[in-house]
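Rule-based calculations on the coordinates, nothing more; no lab input. Just so it is clear, the structure is predicted and the values come from calculations on it, not from any experiment. All Cβ positions, even for glycine, are placed from backbone atoms using ideal geometry, and neighbour counts span all protein chains on display.
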Amino acid sequence: MDTAILAQVTGNLHVGLAALGAAIGVGFIGAKASEAVGRNPGASTKILVQSILAIAFAEGIVFFAIFLATQKWPAGQ
């Protein structure tokens, strides 16, 4: 198999896996944040801020994966 095609396939695969992991993480964050607000409504502002930060960090993983996938890596190194 041609190394360029293999590199493109693996790059696309790792971007897809990173997006899947981030989506699962964002779902967990949203579920636990709504559960925490349900238990303690007075802390909703702090929970909202922390969950937005956690979601931003989870989505940052996808942007990093896209950046790595679009780089031109020399073959054979």
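Is there a residue being part of a helix (DSSP H, G or I), surrounded by 12 or more Cβ atoms within 10 Å (Cβ to Cβ), touching a residue at least 12 places away in the same chain (Cβ under 8 Å) and under 12 Å from the mean Cα position of the chain (by Cα) anywhere in segment 34-54?
Within segment 34-54 (the criterion being part of a helix (DSSP H, G or I), surrounded by 12 or more Cβ atoms within 10 Å (Cβ to Cβ), touching a residue at least 12 places away in the same chain (Cβ under 8 Å) and under 12 Å from the mean Cα position of the chain (by Cα)), the answer is yes, since at least one residue qualifies.
Applying the selection to segment 9-30, what residues are among the aliphatic types (A, V, I, L, M) and within 15 Å of Phe64 (Cα to Cα)?
Within segment 9-30, the subset among the aliphatic types (A, V, I, L, M) is 9, 13, 15, 17-20, 22-24, 26, 29.
Residues satisfying the conditions are Leu13, Val15, Leu17, Ala18, Ala19, Leu20, Ala22, Ala23.
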